[in-house]
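A.B. asks: Below you will find the structure I want to go over with you.
The values are calculated or read from the model by the stated rules, or taken from the named source; none is laboratory data. Since we're looking at a predicted model, the values are computed, not measured. All Cβ positions, even for glycine, are placed from backbone atoms using ideal geometry, and neighbour counts span all protein chains on display. To get the accessible areas, we keep the full protein, side chains included, count just its heavy atoms, and leave off ligands, DNA and RNA. Shrake-Rupley method; radii C 1.70, N 1.55, O 1.52, S 1.80 Å.
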Amino acid sequence: MLVAAAVCPHPPLLVPEAIGSAGRAREGGIAEVLSACDAAVAGLAAARPDLTVVVGGADADAAYDGSAAGSLREYGVRFTTGAGDPVLPLSLTVGAWLLRRSVAPPASLRLRAVARHTSAAECLRLGADIARQAARVAVLAMGDGPGRRAAGIERAADPAADDYDAEVAAALAEADPARLARLAPSLDDELLVAGRAAWQVMAGAAGGRRLRGHLRCAMAQYEVSYLVASWEADG
């Protein structure tokens, strides 16, 4: 049963080795995003889950052990987290790193990659299955919001991306899985959304549970939307 969930973005710049300096992180707003992510991860630990599952979009479906390694070498950054050869996609690399750097890293951790174009129905089914894997389950859904502005004129707003972003932010703030379930996979490529599949897996894990939502951070950096949120069981 889901007892807590969190949403975090996965830009490589969250990792200090990638940002280059604390000053650049502060100027870009990344420090604020990372602080919100740390708070969201702490909220998962506070729920005392028996199992924590990190879900993130990737090129293909895959399941990994909690100790699996990921790196940022694709981005020219000398950074690795986990044990063994790096196999994790970016979303799970950043998600696993966020959990491993926490004060109380989860005792039982699994990492689940979801193909980005997976249908909403399949994502919801996967989430429901994850929620049944332990008596107390926490889900960390890794995903960036629309990056559509990065494909056009710099700083030029895209109304469709803005509307999509507002819808996701409202669903996260209100802990409304049904609104997340209605997000259209067809917009993933059009608006450059990296988080839709992971968000819908989280929605499936929530099912019909009564949850409290907290939108911790919502900002656009480097023309990409970053959302951080926490969901807690209501009683």
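A.B. asks: At 37 °C and 0.692 mPa s, what whole-number value in µm²/s does Stokes-Einstein give for the translational diffusion of the chain, with Rh from the Kirkwood sum over Cα pairs?
C.D. replies: This corresponds to a translational diffusion coefficient of 190 µm²/s.
A.B. asks: Given a cut-off of 24 Å, what percent of all Cα-Cα pairs of segment 108-235 lie beyond it? The partial results should precede the final answer.
C.D. replies: On the way: 2087 of 8128 pairs.
In whole percent, the long-distance tail amounts to 26.
A.B. asks: How many percent of the accessible area of segment 159-235 is carbon or sulfur, using a 1.4 Å probe?
C.D. replies: C and S atoms contribute 51 percent here.
A.B. asks: For the chain, calculate the relative contact order in percent as a whole number, restricting contacts to Cα pairs under 8 Å that are 6 or more residues apart. The partial results should precede the final answer.
C.D. replies: Details: 541 pairs, mean separation 69.4, N = 235.
Once normalised by length, the contact order is 30 percent.
A.B. asks: Next up: Output the antiparallel fraction of DSSP beta bridges having both residues in segment 1-124, as a percent to the nearest 5.
C.D. replies: 40
A.B. asks: Additional query: Can you tell me the accessible area per residue over segment 73-177, all protein chains present, probe 1.4 angstrom, in square angstrom? Intermediate values should be presented prior to the final figure.
C.D. replies: Details: 5160 Å² over 105 residues.
It amounts to 49 Å² per residue over segment 73-177.
A.B. asks: Over segment 120-235, what is the relative contact order in percent, taking alpha-carbon pairs closer than 8 angstrom and at least six residues apart?
C.D. replies: 38
A.B. asks: Continuing with this model, one more query. Taking only Cα atoms and a 10 Å spring cutoff, compute GNM fluctuations for the chain and point out the largest among R216, R73, R148.
C.D. replies: Per the Cα network of the chain with a 10 Å cutoff, R73 tops the list.
A.B. asks: Let me ask something else. If you average the alpha carbon positions of segment 100-144 and of segment 159-235, how far apart do those two centres end up, in angstrom?
C.D. replies: With segment 100-144 and segment 159-235 each reduced to a Cα centre, they are spaced 15 Å.
A.B. asks: Heavy atoms of the protein only, probe of 1.4 Å, neighbouring chains included. What is the accessible area of R101 in Å², nearest 10?
C.D. replies: The accessible area of R101 comes to roughly 100 Å².
A.B. asks: Over segment 1-135, what percent of the accessible surface lies on carbon and sulfur atoms, probe 1.4 Å?
C.D. replies: Solvent-exposed carbon and sulfur of segment 1-135 make up 51 percent of the total.
A.B. asks: I'm checking a number: the convex hull volume of the Cα atoms of segment 57-109, normalised per residue, in Å³. What is it?
C.D. replies: 83
A.B. asks: Just add up the charged neighbours of D50: K/R +1, D/E -1, any other residue whose Cβ is under 13 Å from the Cβ of D50.
C.D. replies: Numbers: positive: R48, R110, R132, R136; negative: none.
Summing Lys/Arg as +1 and Asp/Glu as -1 gives +4.
A.B. asks: Right, something else. In debye to the nearest 20, how big a dipole does segment 50-105 give about its Cα centre with +1 on each Lys and Arg Cβ and -1 on each Asp and Glu Cβ? Kindly include the intermediate steps, with their values, before the conclusion.
C.D. replies: Numbers: 4 positive and 6 negative charges, 70 e Å.
For segment 50-105, the charge dipole is close to 340 debye.
A.B. asks: Give the relative contact order (percent, whole number) for segment 62-116; include only Cα pairs under 8 Å separated by 6+ residues.
C.D. replies: Contact order relative to length: 42 percent.
A.B. asks: For segment 15-138, report the convex hull volume of the alpha-carbon atoms normalised per residue, in Å³, without decimals.
C.D. replies: That works out to 116 Å³ per residue.
A.B. asks: Taking every DSSP beta bridge with both residues inside the chain, roughly what % is antiparallel (nearest 5)?
C.D. replies: Here the share of antiparallel DSSP bridges comes out near 50 percent.
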